Every structure is written in C-alpha cells, then in structure tokens.
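Peer 1: Please read through the structure below; I'll follow up with questions.
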Amino acid sequence: MSRQGRRDTEPELAVRRLLYAAGLRYRLQRRVPGMSRRTIDIAFPGLRIAVFLDGCFWHGCPEHATSPRANAQWWRSKLEGNMARDTETTAHLESAGWTVLRFWEHEAPDRVAEAVAEAVLVAKQRHPGRPSPPHHPA
C-alpha cells in the first residue's frame with residue numbers, strides 16, 4: 001500500500017490542467033482544518049471549496065469497487081474504514097462552511113472540471129469579496 005500514489009494521480013492531473021487552463025487558481029494537498037492526517041486534493045480555501053478525486057478501489061465506488069479474496073476480512077475492514085473516514089471528513093468540512101465536491105476517478109475530467117468551475121462561480125457570486133488564491137505548485 002505504501003507504493004500506491006496518493007497525489008498527482010492521472011485523474012487529478014487531468015482535472016488540474018483543465019482548471020488551470022480555465023483561469024482557476026487553487027491549492028494542492030491542503031490539510032483539512034481541524035483533522036490531522038487528512039488532506040484535500042484540490043482546495044479553494046478563500047471560497048471554502050474542497051475537491052476530492054476518489055479512487056474506485058480505495059473509496060468503494062459503487063460501479064467499480066472490487067473486494068480482494070486474499071485476506072478478505074482485513075480488506076473489507078480497511079475499505080469500510082476509508083469510506084467512513086470520507087463521510088466524516090465531508091461532514092466536518094461542511095459543518096465548517098465548506099462546499100465539498102467528491103468525484104470518482106473514472107469520471108470524465110472535463111465534466112469534473114466543469115462542475116468545479118460552476119461551484120467556484122457560485123461561491124464567487126455568493127461572496128464577491130473573496131478571491132480564489134493564486135496557484136503555487138507543490
């Protein structure tokens with residue numbers, strides 16, 4: 001598991017390229033406020049928008065999730081824990097006033113970027129004095 005990529009996955013890179021090309025600036029791997037060891041894949045902190053691009057296997061995609069047969073109970077527990085952590089993180093951020101957007105890795109990057117851009121536009125209209133931060137690559 002330590003070899004599994006946690007950041008800069010192909011779906012993340014594709015979405016980030018589209019967002020950047022659309023003129024949107026964001027932060028990468030931003031810590032979830034008040035929750036240790038949890039990060040937001042793509043964050044717009046000034047607008048309080050958190051974007052997560054969840055892997056189908058690791059986060060229990062209803063369409064593509066699989067269950068390993070070897071050590072099945074351990075894996076079931078591990079993956080259920082991941083899903084519970086996702087739910088807890090979303091609830092925590094929403095209670096702090098964040099808009100949380102979650103997408104599956106198999107979703108089309110252009111559709112994901114379009115949904116994120118729409119959320120940014122709505123947030124800017126709701127809070128016109130809050131600019132999105134400049135982009136600084138990690």
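Values quoted throughout were computed directly from the atomic coordinates according to the rules given, and no laboratory measurement underlies them. A quick note: this is a predicted structure, and the numbers were derived from the prediction, not measured. Neighbour counts are summed over all protein chains in view; Cβ atoms, including those assigned to glycine, are modelled from backbone coordinates with ideal geometry.
Peer 1: Over the range 21-126, what relative contact order in percent results from Cα pairs under 8 Å that are six or more residues apart?
Peer 2: Here the relative contact order equals 27 percent.
Peer 1: Between the range 73-118 and the range 27-54, what's the alpha-carbon centroid distance in Å?
Peer 2: Answer, in whole Å: 11.
Peer 1: State whether the chain is rounded, prolate or oblate according to the following rule on the C-alpha gyration tensor (a ≥ b ≥ c being the square roots of its eigenvalues): a/c under 1.5 gives rounded; otherwise a/b larger than b/c gives prolate, and the remaining case gives oblate.
Peer 2: Verdict is prolate for the chain.
Peer 1: Between residue 99 and residues 5 or more places away or on another chain, which pairs have amide H atoms under 5 Å apart, with H built 1.01 Å from N, and which residues are they?
Peer 2: Result for residue 99 returns 49, 50.
Peer 1: Among 37, 30, 85, what is the fewest-to-most ranking by other Cβ atoms within 10 Å?
Peer 2: Working: 37 7, 30 17, 85 14.
Ascending Cβ contact count within 10 Å gives the list 37, 85, 30.
Peer 1: Which net charge results for the neighbourhood of residue 14, defined as the other residues with beta-carbon distances under 12 angstrom from its beta-carbon, given Lys and Arg at +1 and Asp and Glu at -1?
Peer 2: Summing Lys and Arg as +1 and Asp and Glu as -1 gives -3.
Peer 1: Rank these for me by crowding, 86, 41, 8, going from fewest to most other beta carbons within 10 Å.
Peer 2: Least to most surrounded, the residues fall as 8, 86, 41.
Peer 1: Whose amide H sits under 5 Å from the amide H of residue 41, counting only residues 5 or more places off or on another chain, with H placed in the peptide plane?
Peer 2: Those lying under 5 Å, H to H, from residue 41 are 51, 53.
Peer 1: Still on this structure, please answer the following. Grab the DSSP H runs of the chain that are 4 residues or longer, score each as -39,500 (n - 2.57), total them, divide by all residues and round the 222 nm result to the nearest 500 deg cm²/dmol.
Peer 2: Working: 4 runs with 58 residues, N = 138.
Estimated from H runs of four or more residues: -13500 deg cm²/dmol.
Peer 1: In whole Hz, what ³J(HN,Hα) sequence does the range 80-96 give by Karplus (6.51, -1.76, 1.60; θ = phi - 60°), x for Gly and Pro?
Peer 2: Using θ = phi - 60°, the values come out as 5, x, 4, 5, 5, 5, 4, 4, 5, 5, 4, 4, 4, 5, 4, 5, 8 Hz.
Peer 1: I would also like to ask the following. Mind sorting 124, 78 by how few other Cβ atoms lie within 10 Å of their own Cβ, fewest first?
Peer 2: The order, fewest Cβ neighbours first, is 78, 124.
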